[in-house]
Amino acid sequence: MKNIEKAVKFLQNTYNSSDYFKQNPNAKEYRYQHTLRVSKIAMDLSEKEDLDKDIAVIGALLHDISYTIEFENKEDWENHGRNSAKMIQPFLMQLDLTKKQRVEILLGVANHVDGNSDFEGDLTSNSLTIIDSDNLDRFDTFRTFESLSYDRFYDKKIEDQLKYLKHRVDSITTLMKAEKEFATKTAKSMWRERLLKQKEVYEDLSRQLKEGANFLEIVGN
């Protein structure tokens with residue numbers, strides 16, 4: 001775990017020294033918590049699938065480290081995986097890792113946005129688990145709450161809330177029908193479980209909203 005502990009310290013030091021994060025503490029906290037969740041997913045997957053924990057977890061910890069520098073345009077966001085890989089390359093040389101391990105980390109980090117990399121090599125199950133962990137975090141309970149807040153769900157009229165929830169349920173249903181590829185069976189199982197939970201939350205919200213309207217119909221108002 002020494003390599004992982006060093007990666008955590010490197011992450012924290014880089015975040016704390018970031019001028020952008022000093023000016024935007026909410027962005028710092030959001031990115032840090034996302035990174036920790038992704039890292040826990042990577043640890044769980046590596047343990048259940050007998051993968052290289054150093055590769056999966058260190059890659060997860062450092063996959064978004066380029067967010068410490070303000071993005072000036074869409075291109076910066078599109079390149080943030082590749083930029084993160086470039087930023088961590090010198091640090092990885094300080095760890096007790098083989099060249100193969102370093103390459104697998106760099107490939108996973110560089111590819112996690114759009115599947116393109118500046119580094120030569122093939123994506124392995126270890127590298128892909130970095131990417132899978134990031135994707136899985138987008139479908140947890142926190143992201144459900146985040147979506148509702150971001151889309152100002154609570155400011156909408158009830159009829160618009162119901163339309164919004166139906167759209168969310170339909171989108172998840174479509175996702176569940178798609179055969180999305182993951183590096184491991186465990187990752188795919190986690191993805192389906194998370195989608196089902198999200199779907200249940202949106203369906204339950206919709207049911208509760210409809211109950212109020214149904215009550216008025218029952219009493220004739």
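No lab work stands behind these numbers, since they all come straight from the coordinates. All of these numbers come straight from a predicted model, not from anything done at the bench. Cβ placement follows ideal geometry from the backbone for every residue including glycine, while neighbour counts extend to all protein chains displayed.
Measure nothing fancy, just the Cα-based angle from helix 141-150's long axis to the longest principal axis of the chain, in degrees from 0 to 90, nearest 10. Tilt relative to the chain: about 70 degrees.
Once every DSSP H run of n ≥ 4 in the chain is given -39500 (n - 2.57) and the sum is divided by its residues, what mean residue ellipticity at 222 nm do you get, rounded to the nearest 500 deg cm²/dmol? Rounded to the nearest 500, it is -24000 deg cm²/dmol.
Taking the chain as a Gaussian network of alpha-carbon nodes connected by springs under 10 Å, the highest mean-square fluctuation of the residues Lys40, Lys157, Lys28 belongs to Lys157.
Any chance you could check the Cα centroid distance between the range 64-139 and the range 186-208 for me, in angstrom? Value for the Cα centre distance between the two parts: 28 Å. Build a GNM of the chain with springs between Cα atoms under 10 Å apart, and of Leu175, Leu106, Leu92 the one that fluctuates most is Leu175. With the convex hull drawn over the C-alpha atoms of the range 66-196, the volume per residue is 144 Å³. Computed FRET efficiency, Cβ-Cβ of Leu196 and Asn26, R0 25 Å: what is it to the nearest 0.05? Rounded to the nearest 0.05, the efficiency is 0.25. Any chance you could give the angle, 0 to 90 degrees and rounded to 10, that helix 2-16 forms with the longest Cα principal axis of the chain? So the inclination is approximately 70 degrees.
Taking the Cα-to-Cβ direction at Asp140 and at Glu179 and moving 7 Å from each Cα, how far apart do the two end points lie in nm? Going from the Asp140 label point to the Glu179 one covers 2.9 nm. Helix 158-177: angle to the longest alpha-carbon principal axis of the chain, degrees 0 to 90, nearest 10? The two axes meet at around 50 degrees.
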